[in-house]
Amino acid sequence: MNFFRGVMGGQPAGPQPSGADTIQKLCDRVASSTLLEDRRDAVRALKSLSKKYRMEVGTQAMDHLIHILQTDRSDSEILGYALDTLYNIICSDEEEEPDKDKIKVLIVSLYIHVFWSDLSVYLCLLTALLKSQCAQVQGIILVSPMGVSRLMDLLADSREVIRNDGLLLLQQLTKGNAAIQKIVAFENAFERLLDIITEEGTSDGGIVVEDCLLLLLNLLKNNSSNQNFFKEGSYIQRMKPWFEVGDDNSGWSAQKVTNLHLMLQLVRVMVSPVNSPGATASCQKSMFQCGLLQQLCTILMATGVPADILTETINTVSEVIRGSQVNQDYFASVNAPSNPPRPAIVVLLMSMVNERQPFVLRCAVLYCFQCFLYKNQKGQGEIVATLLPSTIDANSISAGQLLCGGLFSADSLSNWCAAVALGHALQDNLTQKEQLLRVQLATSLGKPPVSLLQQCTNILSQGSKVQTRVGLLMLLCTWMSNCPIAVTHFLHNQENVPFLTAQISENLGEDERLVQGLCALLLGICIYYNDNSLENYTKEKLKQLIEKRIGKENFVEKLGFITKHELYSRAAQKPQPAFSTPEHMLFDHEFTKLVKELEGFITKAVHKSSEEDKKEEEVKKTLEQHDSIVTQYKELIREQDSQINELKEQVSLLSSQKDQMQSAITQQLSQIQQHKDQYNILKLKLGKDSGQSDGGQQVNGLQLEELTLLREELEELRRQHTLLNTQLTDKDKLISSLVSTATYSPAQSVKY
Amino acid sequence: MAYAYLFKYIIIGDTGVGKSCLLLQFTDKRFQPVHDLTIGVEFGARMITIDGKQIKLQIWDTAGQESFRSITRSYYRGAAGALLVYDITRRDTFNHLTTWLEDARQHSNSNMVIMLIGNKSDLESRREVKKEEGEAFAREHGLIFMETSAKTASNVEEAFINTAKEIYEKIQEGVFDINNEANGIKIGPQHAATNSSLAGGQGGQQAGGGCC
Ligand SMILES: Nc1nc2c(ncn2[C@@H]2O[C@H](COP(=O)(O)OP(=O)(O)OP(=O)(O)O)[C@@H](O)[C@H]2O)c(=O)[nH]1
Ligand SMILES: [Mg+2]
């Protein structure tokens, strides 16, 4: 509590006259001078004395300093000196690192001196303190009960001045501190800020809107929890009206440009490629459903929009559609309001291959095109189709035409952009890689057309600018990777391999190292994705060539030039092509991924001896053989399975037949029994009758006839019975044999 | 998606009792077997229906570790509901309930609805706190009580929904001041018209009904 002892109560213990006098003079100047510069110099002088004469400055200058803080707060310089002086009074000079308690004391003393008289000054001071001692002050406020919540109440203050000062304070408070950002958001900051922005007239509003937007950016950038809250609170929908611009967009104020810039940045924060894919996808969906994307596309096609806003809008649209099929489809359907209407994609590509357009705009268009094709097989197919002979429409300019034009124009930047753009139409898409092989170009009159692939290698060998060759090599690598047919096409031209080996083996200057590396990668792809269909350029032969002409170690070293290039890791970080100068435009983000994936494989493939290769080949063959054997057995088992099923059906059919017969036999047997019974009864009757009377003879005669008849019938039945019995035995036998095959067959198949 | 009411919840309780798992089960219907220590606070949201009305729940899952206590206290005041969680297989987490409750009562608004949750009810064999004990504690302190399992999802829906029902009833009874957003309750856009506060020129309702 040095401060209180020194400032509040303690008596100055015999001050050195000179020091005290000087301080008094300075204090007088601070109090009476009408010139700001004069006061500023005086406070600066006080500051320089404040370490040595802590007590004296504290006693004599305190009130003057507080007064300065109140009256001169528009001048940040004098404010800074005054604060530093106060700080020195409180903190002893032995300590270099200010500790938390001291700052706390400063905050409290400021609070005591200023808060009640002028809240606004207090807020400015706290803001200034945050600027100089950010982390410490954040820590103090975070642990003070309801500290952040109280400061949040400032945004709801009815006095505009307080609200605006509160905004500035919160801006400083939330810088780089996720915990504070979340509390501020929890305290309804989004709602408040969006309301203020609306009240102030959105982008037409003044600096207050800018301050709100800056605070929103602080709250959302790199804070996935707050982003989720923002999305779940349906605040994305509330951004849409921000982008409703009129037909006439000339004469925007600088403030409006700044505001719109920040608004676009906010949209991008929500759909940034570095966010988790799920979060970005759901924000993209919202942005389409609420019409935000459509609104952005309107700005894209509007007239009079300042170039930097247009550029940032293109970048924003890019990230809103990236990897989202619905949004990509919508984007493909957007037309520019020209006569006749042209697809927005075509209009944008025209700018990309136009030398007169600003560099950043061309980068933005490339990014937009890449995002349109990212994970979009349909879009890729549509772009490549505009190059195919069967679908070319001679009457209108197509994306394909523009890309080819760019690829072979005299401007190396156009060459590079077009090559990279075309590469993105092939990314992870074997069909389009093969389709593109069909593209033929008409060259000069009277000469036969030449394939696009060949034309690329022709340009390459003509030794154009590094940027052009890098672009073309990246295109070829992307095209041929994972596509053996393209490799075969490439190798088919007798000049290509000698060209590559010459490039790689030569000892060239620093400038050519990247080209050498890319040539090595291309040759590596020719080996790795080679299906050995060309006698002269099998894997084996190409490897021998490397060994003879270049040397394995040399080859691998050259291959390494790519990732060792100073610009490589920059491009690997994020998808957006962002280059400080046009000359730095060398690497494409997706291409860096390809390099990372292939470098190891190719190095291994080149190092492998031919014996190892053969062994691998053999193993592969055995595996294949093994596979085919297994397939054979599988088929056999399948066949047997169906046989068993057939047999089972037969068995059940036969056994039901057998049942039927058995019941028929039982019926007949009982009939026979009945007949026998009748016969016996008749016999008995006959015997009685003959013993009783002669008159019975006649009757008996009749009965005899009947008897013979019955006998015959009986005989017949007996015969039938034996027949059925033998039939039955036959069926029985058949069944048991079938049953035995049915039970044995599965066992047999298992044995295989 | 339009909602009739929006409620803010916080989830509090010792570290490792399963707060984050309860939230994840509720919002994503997933279970996370590894303890992913929460740093500070994490946000989650879901829509539910009560009495035929859409209610949006915004939930802040706080860190149970002692070192985050001062940060998480900032969330009490603005919440309408709190899930106070302990682990039925760890008696110490039950013993700490009094401290948690004191903290909550001190920093929150007095109407905050608190639901006591005994989590991990699937681990019956390792149970250290009887269900009756939880019930008794809740009765004594005027809380609602439930045993849940974030793993099997048993009673998870119910825990969140019953808390909302209680808040909803309090609103019907006029206990909550729904015009004060600091209570953690907000009236949805379609109800706001009847509630003419200082909502100035808010540019009308959003056209074409947004999403989520
Ligand atoms: N068996 C079982 N395990 C659970 C259950 N709920 C959570 N767990 C496990 O308990 C551990 C801690 O869960 P968390 O949700 O991360 O704990 P927490 O309360 O969020 O912890 P802090 O973030 O540190 O406060 C994890 O390993 C979970 O898998 C449950 O209902 N049953
Ligand atoms: Mg957690």
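The values are calculated or read from the model by the stated rules, or taken from the named source; none is laboratory data. Quick caveat: nothing in here was measured; it's all calculated off a predicted structure. Virtual Cβ from ideal backbone geometry, glycine too; neighbours counted across all protein chains shown.
Could you check segment B:1-106 for helices (runs of 4 or more DSSP H) lying wholly inside it with 2 or more residues that are within 16 Å of ligand 2 (Cβ to nearest atom)?
B:19-28, B:69-73
Go through segment B:100-110 and report how many residues are closer than 29 Å to B:SER125 by Cβ and within 15 Å of ligand 1 (Cβ to nearest atom).
Summing the residues that are closer than 29 Å to B:SER125 by Cβ and within 15 Å of ligand 1 (Cβ to nearest atom) in segment B:100-110 gives 1.
I'd like to verify a number: residues in segment B:62-76 that are over 15 Å from the mean Cα position of the chain (by Cα) and within 7 Å of ligand 1 (Cβ to nearest atom), how many?
So the answer is 1.
Please find, within segment B:63-96, the residue that is nearest to the other protein chains (Cβ to nearest Cβ) out of those that are closer than 24 Å to B:LEU123 by Cβ and without any contact (Cβ under 8 Å) to a residue 60 or more places away in the chain.
Only one residue tops the list, namely B:ALA63.
Tell me which residues, restricted to segment A:616-641, are surrounded by 12 or more Cβ atoms within 10 Å (Cβ to Cβ) and either modelled with pLDDT under 80 or in contact with a strand residue (DSSP E or B) (Cβ under 9 Å, 6 or more places away or on another chain) (or both).
A:GLU617
Can you go through A:ASN327, A:ASN315 and tell me which one is in contact (Cβ under 8 Å) with a residue 60 or more places away in the chain, in a helix (DSSP H, G or I) and closer than 25 Å to A:ASN275 by Cβ?
A:ASN315
Identify, please: which residue in segment B:1-31 is among the polar types (S, T, N, Q) and more than 6 Å from ligand 1 (Cβ to nearest atom) and is, among those, nearest to B:ILE171 (Cα to Cα)?
Here the residue is B:THR27.
What residue, of A:SER414, A:SER338, is hydroxyl-bearing (Ser, Thr, Tyr) and in contact (Cβ under 8 Å) with a residue 40 or more places away in the chain?
Exactly one of A:SER414, A:SER338 is hydroxyl-bearing (Ser, Thr, Tyr) and in contact (Cβ under 8 Å) with a residue 40 or more places away in the chain, namely A:SER414.
Across segment A:284-306, what is the number of residues that are more than 13 Å from the chain's Cα centre (by Cα) and outside any loop (DSSP other than H, G, I, E, B)?
Summing the residues that are more than 13 Å from the chain's Cα centre (by Cα) and outside any loop (DSSP other than H, G, I, E, B) in segment A:284-306 gives 15.
Out of segment A:203-238, which residues are more than 26 Å from A:SER253 (Cα to Cα) and in a helix (DSSP H, G or I)?
A:LEU219, A:LEU220, A:SER224, A:SER225, A:ASN226, A:GLN227, A:ASN228, A:PHE229, A:PHE230, A:LYS231, A:GLU232
State the number of residues belonging to segment B:50-61 that are away from ligand 1 (no atom under 16 Å from the Cβ) and touching a helix residue (DSSP H, G or I) at 6+ places or on another chain (Cβ under 9 Å).
Final tally of qualifying residues: 7.
Taking segment A:193-209 on its own, how many of its residues are more than 13 Å from chain B (Cβ to nearest Cβ) and among the acidic types (Asp, Glu)?
1
State yes or no: is A:PHE243 within 11 Å of another protein chain (Cβ to nearest Cβ) and among the aromatic types (Phe, Trp, Tyr)?
Considered against the rule, which asks whether it is within 11 Å of another protein chain (Cβ to nearest Cβ) and among the aromatic types (Phe, Trp, Tyr), A:PHE243 comes out as no.
Does A:GLY304 satisfy the condition of being within 14 Å of chain B (Cβ to nearest Cβ), among the small types (Gly, Ala, Ser) and at positive phi?
no
May I ask you to list pairs of residues, at least six apart or on different chains, whose Cβ atoms are under 8 Å apart, with the first in segment A:237-265 being assigned by TED's automatic domain parsing to the domain that holds A:GLU191 and closer than 11 Å to A:LEU296 by Cα and the second being acidic (Asp, Glu) and outside any loop (DSSP other than H, G, I, E, B)?
If the second residue must be acidic (Asp, Glu) and outside any loop (DSSP other than H, G, I, E, B), the pairs left are A:LEU264/A:GLU312.
Could you check B:HIS35 against (1) within 12 Å of ligand 1 (Cβ to nearest atom); (2) surrounded by fewer than 18 Cβ atoms within 10 Å (Cβ to Cβ); (3) touching a residue at least 60 places away in the same chain (Cβ under 8 Å) and say which number it fails?
Of everything listed in (1) within 12 Å of ligand 1 (Cβ to nearest atom); (2) surrounded by fewer than 18 Cβ atoms within 10 Å (Cβ to Cβ); (3) touching a residue at least 60 places away in the same chain (Cβ under 8 Å), B:HIS35 misses just condition (3).
Kindly evaluate A:VAL148 against the criterion of being buried (at least 20 other Cβ atoms within 10 Å of the Cβ), modelled with pLDDT of 95 or more, in a helix (DSSP H, G or I) and among the β-branched types (Val, Ile, Thr).
No.
One line per residue, one yes/no per condition, for (1) assigned to a helix (DSSP H, G or I); (2) surrounded by fewer than 23 Cβ atoms within 10 Å (Cβ to Cβ):
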| site | (1), (2) |
| --- | --- |
| A:GLN357 | no, yes |
| A:PHE369 | yes, no |
| A:ILE397 | no, yes |
| A:CYS404 | yes, yes |
| A:ALA425 | yes, no |
| A:LYS433 | yes, yes |
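Is it the case, given these coordinates, that A:ASP677 is surrounded by 10 or more Cβ atoms within 10 Å (Cβ to Cβ) and either within 37 Å of the chain's Cα centre (by Cα) or in contact (Cβ under 8 Å) with a residue 24 or more places away in the chain (or both)?
No, not satisfied.
Counting just the residues of segment B:149-185 that are farther than 27 Å from A:LEU155 by Cα and of a type in the set (Asp, Glu), which one comes out nearest to the other protein chains (Cβ to nearest Cβ)?
B:GLU157
Which fully enclosed helices (runs of 4 or more DSSP H) of segment A:456-572 have 1 or more residues being among the aromatic types (Phe, Trp, Tyr)?
A:466-480, A:484-492, A:496-505, A:513-528, A:552-564
Counting only residues that are of a type in the set (A, V, I, L, M, F, W, C) and facing chain A (nearest Cβ under 8 Å), which one in segment B:42-62 is surrounded by the most Cβ atoms within 10 Å (Cβ to Cβ)?
B:TRP60
What is the residue count in segment A:273-296 for residues that are surrounded by 19 or more Cβ atoms within 10 Å (Cβ to Cβ), away from chain B (no Cβ under 12 Å) and touching a Ser or Thr at 6+ places or on another chain (Cβ under 9 Å)?
Looking only at that region, the number is 2.
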